[in-house]
Amino acid sequence: MTKYDYDLFVIGAGSGGVRASRIAASHGAKVAVAEEYRVGGTCVIRGCVPKKLFVYASQFSEEFEDAEGFGWTVGEASFSWAKLIANKDKEIDRLNGIYIRNLERSGVAIIQSRAILKDAHTVHLVGEGRDVTADKILIATGATPFLPHDVKGIEHAITSNEAFHLEELPDHIIVVGGGYIAVEFAGIFNGLGVKTALLYRADRILRGFDEDLRVGLMDEMRKKGVDVRTHAHITEIERKGGKLHVTMKDGTVIETGAVLYATGRKPHSRGLGLEEIGVSIKKNDAIEVDAYSQTSVPNIYAVGDVTDRAALTPIAIREGQAFAETVFNNNPIAVDHSVIPTAVFSQPELGTVGLTEHEAREKFGEVDIYKTSFRPMKHTMTGREEKTFMKLVVDQKTERVLGVHLMGPSSGEIIQAVGIAVTMGATKKQFDQTVAVHPSAAEELVTLKEKWVPPVQKAAD
């Protein structure tokens, strides 16, 4: 008979917390999870799931245009933002219900309350005014959108959280940022007919991605009508009547209907009582953990975005499962964060896995580059000038494929399969030995033969 109320108490019912709870329960642990909002977390409730539904909605504007090239005559189209929001909410409610039922079927107790740590084994449930105890505690509270404090009138801006619940579409919107969320929402609003500007403080969007993808996506977004501005800094947002007047650092004033900040997310670690009991927290608010997600307090663990190791839903899920296997099944698992396939649901879509060209050159020295850019087969009929891009980064000594970088339709789907090969350490020769699927865009990945030579080197030769 345990001296605690629970073997495991989880704070946060997002992707990582839910997976950890269910796996721990399957190994016989008595588990409870506290959630102050809705079960499912950022991804399901106000993140990647509703966002991708919005991406689908925004792509129809081009699909209607493209249909003409294939012989279709499409009548006058109209769009209802209110209907999209209602249908999106209905789907989120369905998914929220599935998450709740899965936890209940696993025997996990769900507590709808804010939870704060009183000591290493005691959790105070604010909404219920009571304490519970647990042998092990897992923090899986995720991250929250960040708003800068040095912009006057920042209270007039919204984040991705509010973007999912706008009462009506603005006629013009400014999206601030250059990461996943910023470029995805810029594409969404642009596709829905909103005049869209994307403002980014540096010279190229998507910091950390391969340079060819960064440049290529900016070019394609501009072709689609997004006003992409780099080295752009906002100093003030002022409401005048029904409009927002945005003042830039260079004195330029832009009139807009909404300003959406997507400049990053901060780990949600403050106000949980962690520091008071000795849990080490980094300067960026991330909880410090070891390879097995253990914090500086031995019985307290943390997974997902709150640790800021790799802020992606599949990583949170994997970390949650690894934690449960390690602690409750005597099966130590350390998650490998070195090779992570990922997609950006920009327009056009991106898919990437492994090292960028720059990272590969720094780590391995000599690398071979194979890349191609072409118009997708579909657009030979539509007349659209959008390009697909594919790139392989290969270690010159071993011929191992170190990175694959894609831009174009279905890049997310393609990179999932390619990610298996890169994770296994496949070589360029093995890619070449793979039979191509024809006609497809992905066949280029196994038919690329000519190494790319930089223009300067060509000239010298």
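The values are calculated or read from the model by the stated rules, or taken from the named source; none is laboratory data. Keep in mind that what you see is a predicted model, and the values were worked out from it rather than measured. Don't worry about glycine lacking a Cβ; one is built from the backbone with ideal geometry, like all the others, and counts go over all protein chains shown.
The rows are residues; the columns are (1) modelled with pLDDT under 95; (2) under 24 Å from the mean Cα position of the chain (by Cα).
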{"position": "ARG265", "(1), (2)": "yes, yes"}
{"position": "THR326", "(1), (2)": "no, no"}
{"position": "ALA334", "(1), (2)": "no, yes"}
{"position": "ALA343", "(1), (2)": "no, yes"}
{"position": "GLU362", "(1), (2)": "no, no"}
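Under the condition of being outside any strand (DSSP E or B) and touching a helix residue (DSSP H, G or I) at 6+ places or on another chain (Cβ under 6 Å), the residues counted in segment 112-130 number 1. In segment 429-441, is there at least one residue being outside the structural domain of ASP66 (by TED's automatic domain parsing), within 23 Å of GLY187 (Cβ to Cβ), buried (at least 17 other Cβ atoms within 10 Å of the Cβ) and without any contact (Cβ under 8 Å) to a residue 60 or more places away in the chain? No; the residues of segment 429-441 include none that is outside the structural domain of ASP66 (by TED's automatic domain parsing), within 23 Å of GLY187 (Cβ to Cβ), buried (at least 17 other Cβ atoms within 10 Å of the Cβ) and without any contact (Cβ under 8 Å) to a residue 60 or more places away in the chain. Tell me whether segment 190-206 contains one or more residues that are under 23 Å from CYS43 (Cβ atoms), in a loop (DSSP other than H, G, I, E, B) and under 18 Å from the mean Cα position of the chain (by Cα). Yes - at least one qualifying residue is present in segment 190-206. Taken over segment 83-112, the residue count meeting the criterion of being buried (at least 17 other Cβ atoms within 10 Å of the Cβ) and hydroxyl-bearing (Ser, Thr, Tyr) is 1. Among the conditions (1) modelled with pLDDT of 95 or more; (2) surrounded by fewer than 18 Cβ atoms within 10 Å (Cβ to Cβ); (3) β-branched (Val, Ile, Thr), the only one that THR352 does not satisfy is (2). Determine whether VAL74 is surrounded by 15 or more Cβ atoms within 10 Å (Cβ to Cβ) and either free of Cβ contacts under 8 Å to residues at least 60 places away in the same chain or not assigned by TED's automatic domain parsing to the domain that holds LYS378 (or both). The answer is no for VAL74.
Filtering segment 31-67 down to residues that are surrounded by fewer than 20 Cβ atoms within 10 Å (Cβ to Cβ), touching a residue at least 60 places away in the same chain (Cβ under 8 Å) and among the charged types (D, E, K, R), which residue is farthest from GLU385 (Cα to Cα)? Applying the filter and picking the extreme gives GLU36.
Of the helices (runs of 4 or more DSSP H) lying entirely inside segment 1-111, those containing at least 3 residues that are more than 25 Å from PRO409 (Cβ to Cβ) and in contact with a Ser or Thr (Cβ under 7 Å, 6 or more places away or on another chain) are 15-26.
Annotation note: Cβ proximity below 6 Å between a residue of segment 6-19 that is surrounded by fewer than 24 Cβ atoms within 10 Å (Cβ to Cβ) and a residue that is part of a strand (DSSP E or B) and of a type outside the set (S, T, N, Q) (sequence gap 6+ or interchain) occurs for TYR6/ALA32; TYR6/ALA134; ASP7/ASP135.
Conditions tested, residue by residue: (1) farther than 23 Å from LYS30 by Cβ; (2) touching a His at 6+ places or on another chain (Cβ under 9 Å); (3) of a type in the set (Gly, Ala, Ser).
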site	(1), (2), (3)
LEU272	no, no, no
ARG309	yes, yes, no
GLU362	yes, no, no
HIS379	yes, no, no
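Take GLU385 and decide whether it is assigned to a loop (DSSP other than H, G, I, E, B) and out of contact with any helix residue (DSSP H, G or I) (no Cβ under 6 Å at 6 or more places or on another chain). In short, yes. Of the helices (runs of 4 or more DSSP H) lying entirely inside segment 394-461, those carrying at least 2 residues that are modelled with pLDDT of 95 or more, within 28 Å of LYS52 (Cα to Cα) and within 20 Å of the chain's Cα centre (by Cα) are 411-424.
When VAL327 is tested against (1) touching a residue at least 60 places away in the same chain (Cβ under 8 Å); (2) in a loop (DSSP other than H, G, I, E, B), only condition (2) is not met.
Please determine whether any residue of segment 140-154 is under 16 Å from the mean Cα position of the chain (by Cα), aliphatic (A, V, I, L, M) and more than 28 Å from GLU63 (Cα to Cα). Yes; the residues of segment 140-154 include at least one that is under 16 Å from the mean Cα position of the chain (by Cα), aliphatic (A, V, I, L, M) and more than 28 Å from GLU63 (Cα to Cα).
Only one of the listed residues (VAL335, VAL353) is over 26 Å from ALA232 (Cβ atoms), touching a Gly at 6+ places or on another chain (Cβ under 8 Å) and among the β-branched types (Val, Ile, Thr). That residue is VAL353. When SER411, SER373 are checked against the criterion of being in the same structural domain as GLU450 (by TED's automatic domain parsing), polar (S, T, N, Q), within 30 Å of ARG222 (Cβ to Cβ) and crowded, with 21+ Cβ neighbours inside 10 Å, a single residue qualifies: SER411. In the list ALA311, ALA360, which residue meets the criterion of being surrounded by 20 or more Cβ atoms within 10 Å (Cβ to Cβ), assigned to a loop (DSSP other than H, G, I, E, B) and touching a strand residue (DSSP E or B) at 6+ places or on another chain (Cβ under 8 Å)? Result of the check over ALA311, ALA360: ALA311.
Tallying residues that are loosely packed, with under 13 Cβ neighbours inside 10 Å and assigned to a strand (DSSP E or B) within segment 217-274 yields 4.
Quick check on segment 133-153. Is at least one of its residues farther than 30 Å from VAL18 by Cα, part of a strand (DSSP E or B) and in contact (Cβ under 8 Å) with a residue 24 or more places away in the chain? Checking segment 133-153: at least one residue is farther than 30 Å from VAL18 by Cα, part of a strand (DSSP E or B) and in contact (Cβ under 8 Å) with a residue 24 or more places away in the chain.
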